[in-house]
1. In square angstrom, rounded to the nearest 10, how much accessible surface does residue 221 have for a 1.4 Å probe?
2. Under the Karplus relation 6.51 cos²θ - 1.76 cosθ + 1.60, θ = phi - 60°, what is the ordered set of whole-Hz ³J(HN,Hα) values for the range 108-115, x standing for Gly and Pro?
3. For residue 144, which sequence-distant residues (separation of 5 or more, or a different chain) have an amide H within less than 5 Å of its own amide H, given hydrogens modelled in the peptide plane?
4. Could you go through the range 154-162 in sequence order and give the Karplus-derived ³J(HN,Hα) for each residue, using 6.51 cos²θ - 1.76 cosθ + 1.60 with θ = phi - 60°, rounded to whole Hz, and x for Gly and Pro?
5. Specify, per residue and in Å³, the volume enclosed by the convex hull of the alpha carbon atoms belonging to the range 161-270.
6. Peptides 50-56, 162-168, 89-95: what's the order by average Cβ count within 10 Å, highest mean first?
7. Using a 1.4 angstrom probe on heavy atoms only, work out the carbon and sulfur share of the accessible area of the range 95-158 in %.
8. Roughly how far apart, in whole Å, are the Cα centres of the range 135-149 and the range 72-93?
Amino acid sequence: MIRRTLPVALLLSLTACAAEPQPAGAPAAAPAAAAATAATAPAGTEAKVRAALEALAPGAEIGTIAASPIAGYQEVVLEGRVIYVSNDGKYLIQGTLFDIAARESLTGASEAVIRKDLLATIGTDRRIVFAAAEPKHVVTVFTDIDCGYCRRLHEQMADYNKLGITIEYLFYPRGGIGSESFEQAVAVWCSPDRNRALTEAKAGKILPKANCTNPVTMDYDLGRRMGLDGTPAIYTPDGVQLGGYLEPEAMLSRLNDLAAKAAKPAKPAG
């Protein structure tokens with residue numbers, strides 16, 4: 001099971017095995033906090049914010065605490081997600097902070113930077129790769145053996161590859177460590193032909209249990225650190241979350257749009 005305290009689960013819950021993609025924006029070069037215009041926080045602010053969150057969600061992983069674009073609030077990374085907490089630790093805002101003039105989600109940009117750094121630590125030796133013959137895009141997909149939309153995505157693998165999309169899988173067994181889906185993920189990894197074994201498992205074949213050195217627990221932990229609660233979860237190398245399941249053509253369109261935005265020259269400051 002996912003081991004989160006109730007407050008954290010309520011704050012950061014997502015729809016498991018999501019059918020609809022989450023909104024995605026172009027990645028930013030740095031977290032939104034770097035562009036903060038708020039005055040320097042009073043002394044002791046970080047300690048107050050950290051103490052408030054530790055009281056609200058004991059044991060939760062609290063990452064960076066830095067100035068936010070909202071005066072009087074800090075931008076906090078909690079369990080891989082960005083939230084905003086008042087300098088005195090009394091108020092918490094969860095949701096998307098949107099820059100109207102720039103038409104950009106500042107929250108999404110900050111979270112993308114976090115995810116990009118985490119994904120960059122995982123080499124191809126830790127992934128099961130279904131490579132396009134003529135690759136145009138590469139995405140990382142956290143997958144679960146039993147998730148219906150994960151299976152649907154995998155059934156269309158040839159179509160994604162034909163469109164130039166390489167799929168690189170990491171495991172996220174939603175049942176948690178030691179669950180049946182976890183054991184099947186390990187069995188896939190321990191197979192001599194992982195790609196074939198994964199395809200068979202997603203088609204409903206029960207693989208014999210196996211035991212070998214495998215990254216499934218590390219993948220699961222990585223997903224939690226990225227704030228992942230549902231599968232399939234699809235990310236670009238820049239850490240932008242495309243959402244849940246997407247039809248091949250829809251995924252290509254989204255990836256092309258992101259690539260076009262990234263290629264645009266940055267507007268001059270001021």
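1. 70 Å²
2. Once θ is set to phi - 60°, the couplings for the range 108-115 become x, 5, 5, 5, 5, 5, 4, 5 Hz.
3. The answer is 172.
4. Each residue's phi maps through the Karplus curve to give 5, 4, 9, 4, 4, 6, 4, 4, 4 Hz.
5. Cα-based convex hull of the range 161-270, divided per residue, equals 143 Å³.
6. In descending order of packing, they fall as 162-168, 50-56, 89-95.
7. C and S atoms contribute 52 percent here.
8. 31 Å
The values are calculated or read from the model by the stated rules, or taken from the named source; none is laboratory data. Fair warning: this is a prediction, and the values are worked out from it, not measured in the lab. Glycine gets a Cβ as well: all are built from the backbone with ideal geometry, and neighbour counts include every protein chain shown. The accessibility values were calculated without ligands, DNA or RNA, using every heavy atom of the protein model including side chains. Shrake-Rupley method; radii C 1.70, N 1.55, O 1.52, S 1.80 Å.
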